[in-house]
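Below is one structure, written out as structure tokens; comments come after it.
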Amino acid sequence: MEIVALIDTSLLNAEKFKKSFELSCKIFTQLEEAAHETALDTVIISVPHYLHEELATRAFSQKLNVLLEKPLAHTLDSAQRILERSRSSDQVFMIAENSQYWPEILKVKDLLSEGIIGEIVTAKASFRQAADKDIFNSYSVLQDDTPTKAWRYSLAATGGGITIDGGAHWIRPLRFWFGEIRELFSKFSYPHPLMEGESLSQAIFTFDNSITAIFEGILTEKTMFSKDYPFRITGTSGEVMVGP
């Protein structure tokens, strides 16, 4: 694979990204320009959720394969339109969710397949984060002429809160290990004052194989969380823990 173009409406951000990863590709501000001037055949779309549909549609129009960062979209209607557009094209379309490829997640998959803890009884996935300790600065306040909230706090921009954002990386391994979710019970709360979507998500999942699991996702401003296992799987003869 060769990276032939870097596309960003902000030339400053593009230059920083190019320098950070020591890229030699050209920088563009528009997708169509990059498609016409390079040998581009595939795009990775990593933008705020509310822009997914527009950019995916534009990429399909340029006959480009698309790897779209999760989640699929910020609304169900938008997600459906993206799927319909992808099915009517001849291009490859994939959603980028990386947690099922984490080495520790793959190792757990192997251990469970070997029956190392006996019959699975239940599991727990816990995603806990303080905004001021986010290494990606995803929740930092942007400074322009006037202070504005980071887009991840906006319900209109994201389509949800902690569940659709970081929490998705914790839910995916559960589905990778146990299959599809048949039923769920959930409760949302809002401990982070800036996040318009839920910043506390608690749920009980029942999978098609009748295994039940607990999911917890929480974002606070400055909590000093104690160390805990992000994943715990309990069986009839032992447990498997991942992390911290």
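The values are calculated or read from the model by the stated rules, or taken from the named source; none is laboratory data. Just so it is clear, the model here is predicted, and its values are computed rather than measured. Here the Cβ positions follow ideal geometry from the backbone for every residue, glycine too, while neighbour counts run over all protein chains shown.
Looking at region 48-69, which of its residues are touching a residue at least 60 places away in the same chain (Cβ under 8 Å) and either touching a Pro at 6+ places or on another chain (Cβ under 7 Å) or crowded, with 18+ Cβ neighbours inside 10 Å (or both)?
Start the filter on region 48-69 by keeping residues that are touching a residue at least 60 places away in the same chain (Cβ under 8 Å), which leaves 48-50.
Correct list: H49 only.
Looking at A35, is it within 23 Å of the chain's Cα centre (by Cα) and buried (at least 17 other Cβ atoms within 10 Å of the Cβ)?
No: the conditions fail for A35.
Go through region 184-240 residue by residue and tally those that are assigned to a loop (DSSP other than H, G, I, E, B) and aromatic (F, W, Y). Before the answer, list the steps.
Pass one, region 184-240, residues assigned to a loop (DSSP other than H, G, I, E, B): 190-199, 208-211, 221-230, 236-238.
If we keep only those that are aromatic (F, W, Y) as well, we get 190, 225, 229.
Within region 184-240, residues that are assigned to a loop (DSSP other than H, G, I, E, B) and aromatic (F, W, Y) number 3.
Scanning for something over 18 Å from the mean Cα position of the chain (by Cα), among the acidic types (D, E) and assigned by TED's automatic domain parsing to the domain that holds A56, does region 108-115 turn up at least one residue? If you could, list the steps in order and put the result at the bottom.
Of all residues in region 108-115, those over 18 Å from the mean Cα position of the chain (by Cα) come to 108-115.
Add one more test, that the residue is among the acidic types (D, E), and what stays is 110, 114.
Of the ones still in play, those that are also assigned by TED's automatic domain parsing to the domain that holds A56 are none.
Within region 108-115, not a single residue is over 18 Å from the mean Cα position of the chain (by Cα), among the acidic types (D, E) and assigned by TED's automatic domain parsing to the domain that holds A56.
Can you pull out every residue in region 197-211 that is of a type outside the set (A, V, I, L, M) and surrounded by 18 or more Cβ atoms within 10 Å (Cβ to Cβ)? It would help to see each step written out before you state the result.
In the first step, residues of region 197-211 are kept if they are of a type outside the set (A, V, I, L, M); the result is 197-199, 201-202, 205-210.
Listed by number, the residues that qualify are G197, E198, S199, S201, F205, F207.
Name the residues in region 197-244 that are more than 21 Å from the chain's Cα centre (by Cα), within 13 Å of A130 (Cα to Cα) and either among the polar types (S, T, N, Q) or at pLDDT 95 or above (or both), would you?
If the condition is that a residue be more than 21 Å from the chain's Cα centre (by Cα), within 13 Å of A130 (Cα to Cα) and either among the polar types (S, T, N, Q) or at pLDDT 95 or above (or both), then T223, S226 are the ones that fit.
Give the residue that is farthest from F231 (Cα to Cα), with candidates limited to residues of region 165-188 that are surrounded by 21 or more Cβ atoms within 10 Å (Cβ to Cβ) and in contact with a helix residue (DSSP H, G or I) (Cβ under 7 Å, 6 or more places away or on another chain).
Looking at residues that are surrounded by 21 or more Cβ atoms within 10 Å (Cβ to Cβ) and in contact with a helix residue (DSSP H, G or I) (Cβ under 7 Å, 6 or more places away or on another chain), I get D165.
Would you confirm whether or not region 203-214 contains a residue that is outside the structural domain of H49 (by TED's automatic domain parsing) and closer than 24 Å to A156 by Cα?
Of all residues in region 203-214, those outside the structural domain of H49 (by TED's automatic domain parsing) come to 203-214.
From what's left, closer than 24 Å to A156 by Cα: 203.
Looking for residues that are outside the structural domain of H49 (by TED's automatic domain parsing) and closer than 24 Å to A156 by Cα, one finds at least one in region 203-214, hence yes.
Within region 4-24, how many residues turn out to be closer than 20 Å to N65 by Cβ and in contact with a Ser or Thr (Cβ under 8 Å, 6 or more places away or on another chain)?
4
Right, G243: in contact (Cβ under 8 Å) with a residue 12 or more places away in the chain and within 12 Å of F127 (Cα to Cα) or not?
Numbers: in contact (Cβ under 8 Å) with a residue 12 or more places away in the chain: yes; within 12 Å of F127 (Cα to Cα): yes.
Yes; evaluated as a whole, the condition is true for this residue.
If you go through region 212-239 one residue at a time, how many are within 14 Å of A125 (Cα to Cα) and surrounded by fewer than 20 Cβ atoms within 10 Å (Cβ to Cβ)? Lay out the reasoning, then the answer.
Of all residues in region 212-239, those within 14 Å of A125 (Cα to Cα) come to 212-218, 227-234, 239.
Applying the additional criterion that residues be surrounded by fewer than 20 Cβ atoms within 10 Å (Cβ to Cβ) yields 212, 214, 216, 227-230, 232, 234, 239.
Here the count works out to 10.
Criterion first (among the hydrophobic types (A, V, I, L, M, F, W, C), within 26 Å of S154 (Cα to Cα) and surrounded by fewer than 12 Cβ atoms within 10 Å (Cβ to Cβ)) does L12 satisfy it? Let's see the steps before the verdict.
Working: among the hydrophobic types (A, V, I, L, M, F, W, C): yes; within 26 Å of S154 (Cα to Cα): yes; surrounded by fewer than 12 Cβ atoms within 10 Å (Cβ to Cβ): yes.
Considered against the rule, which asks whether it is among the hydrophobic types (A, V, I, L, M, F, W, C), within 26 Å of S154 (Cα to Cα) and surrounded by fewer than 12 Cβ atoms within 10 Å (Cβ to Cβ), L12 comes out as yes.
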